[in-house]
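First comes the structure, then the notes that go with it.
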Amino acid sequence: MPWRLRGIDRRAAVRFDIVGPLGGNLSLTNFVRVLDLSRGGLLAETMRPLTPASIHTVQLETNALVGSVRARVVRVARVTERCYHVALTFVEADAAATTAIDQMFQSGDCHHA
């Protein structure tokens, strides 16, 4: 239904009706549990499968640092009906993520699996 027929329009910005297809991307935030980590990627536990070869931004959070990595899905394995193990390889990482990963390895917070 066009906005003009919905009653009073309270939006402050001018809007335009789109004629034809217009695509977009929506990033949804989902908590993942990191099961293991290397300088090149990670294995995460998620509640839903991710599409193989898709690219995602992952926020890595430690006690002191938060950093972002862009990662590509390499493999997805269903563990239970609502649990998946997703292997991701890093495509790029910001300085904070690189520092956080390096600090974990140097401090011994990471144990060899």
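Quick look at the values:
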quantity	calculated
So residue 19, is it at pLDDT 90 or above and either part of a loop (DSSP other than H, G, I, E, B) or of a type in the set (Val, Ile, Thr) (or both)	no
Scope region 77-89; condition assigned to a strand (DSSP E or B) and more than 14 Å from residue 34 (Cα to Cα); matching residues	77, 78, 79, 80
Pairs with Cβ under 8 Å, 6+ apart, first in region 57-78 and in contact (Cβ under 8 Å) with a residue 24 or more places away in the chain, second surrounded by 12 or more Cβ atoms within 10 Å (Cβ to Cβ) and among the aromatic types (Phe, Trp, Tyr)	69/90; 71/90; 76/84; 78/84
Unmet requirement for residue 50, which otherwise passes all of (1) under 17 Å from residue 31 (Cα atoms); (2) in contact with a His (Cβ under 8 Å, 6 or more places away or on another chain); (3) not in a loop (DSSP other than H, G, I, E, B)	(3)
Any hit, region 36-47, residues being surrounded by 11 or more Cβ atoms within 10 Å (Cβ to Cβ) and either more than 28 Å from residue 96 (Cβ to Cβ) or modelled with pLDDT under 75 (or both)	no
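The values are calculated or read from the model by the stated rules, or taken from the named source; none is laboratory data. Computed from a prediction, not measured in an experiment: that's the story for all the values here. Backbone-built Cβ (ideal geometry, glycine too); neighbour counts: all protein chains shown.
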